[in-house]
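What follows is a set of notes on a single structure, which appears directly below.
Read-outs: derived from the displayed coordinates by stated rules, not from any lab. Since the model is a prediction, treat every value here as computed from it, not as a measurement. Cβ: placed from backbone, ideal geometry, glycine included. Neighbour counts: every protein chain shown.
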């Protein structure tokens with residue numbers, strides 16, 4: 001039995017994503033338990049014999065597990081399997097490849113693909129790149145009320161309340177959820193397109209947003225680098 005087979009078995013054994021530390025700990029603890037059990041005499045003058053490959057597994061590192069995951073991905077691709085490994089915000093999981101999505105949806109006839117509207121995508125993009133952000137901050141960029149969009153995104157589990165801003169009136173702060181990362185297939189907020197660049201863009205304040213609404217379009221903040229990338233990802237997700 002090899003480490004690669006054990007890691008693969010761990011991923012198959014659970015429906016929940018598994019983090020590298022979890023997998024590493026499972027391998028090490030099990031190997032240690034086997035070695036400890038073998039060191040205890042079961043009868044006078046006898047001990048359990050364990051395979052030579054077990055003891056080294058007690059020293060498994062996270063780097064080894066990550067290398068195994070890369071090897072499994074390469075193996076599945078080379079052997080043209082219909083599944084692969086994907087990393088999400090809270091760990092790794094086995095998933096069907098995107099080209100088989102339509103066939104897999106046949107197992108869930110009651111669930112229809114729900115796509116986000118353009119206003120919802122724009123609202124979500126602003127929150128994703130500039131969170132935590134107040135509703136007034138979102139409206140300053142979009143130039144319209146976002147009450148309905150914010151509530152819709154919260155109801156769909158893509159946004160959440162992060163707390164309150166240290167501003168007059170203590171307005172609510174909004175951010176994205178782990179479901180957002182899973183929905184768009186990114187591991188973290190840093191993996192979003194042009195993340196570092198777009199976070200440095202100066203956003204208008206509520207006062208500036210009202211003034212900008214009266215200016216020509218070229219003077220307003222453009223979401224073009226953000227929305228198409230998010231929309232493309234959304235079009236491939238249920």
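Exposure proxy for 183, 81: other Cβ atoms within 10 Å of each Cβ, ordered fewest to most, give 81, 183. How far is it, in nm, from the label point at residue 62 to the one at residue 108 when both lie 7 Å from their Cα along the line to the Cβ? Placing both labels 7 Å along Cα→Cβ, they lie 3.0 nm apart.
By the equivalent-ellipsoid construction on the alpha carbon gyration tensor, region 3-105 comes out with semi-axes of 34, 13, 12 Å, ordered largest to smallest.
How high is the FRET efficiency between residue 161 and residue 50 when r is their beta carbon distance and R₀ equals 35 Å, given to the nearest 0.05? Can you show the working numbers first?
Details: r = 53 Å, r/R0 = 1.50.
Efficiency, rounded to the nearest 0.05: 0.10.
If R0 is 25 Å, the Cβ-Cβ spacing of residue 99 and residue 78 corresponds to a FRET efficiency of close to 0.90. Ranked by how many other Cβ atoms sit within 10 Å of their own Cβ, fewest first, the residues 54, 186 fall in the order 54, 186. Once the C-beta distance of residue 14 and residue 147 is scaled by a Förster radius of 35 Å, the resulting FRET efficiency is 0.35 to the nearest 0.05. Listed by Cβ neighbour count within 10 Å, with the fewest neighbours leading, 87, 122, 79 appear as 79, 87, 122. Between residue 154 and residue 33, the distance separating the two model label sites (each 7 Å from Cα on the Cα→Cβ line) works out to 4.3 nm.
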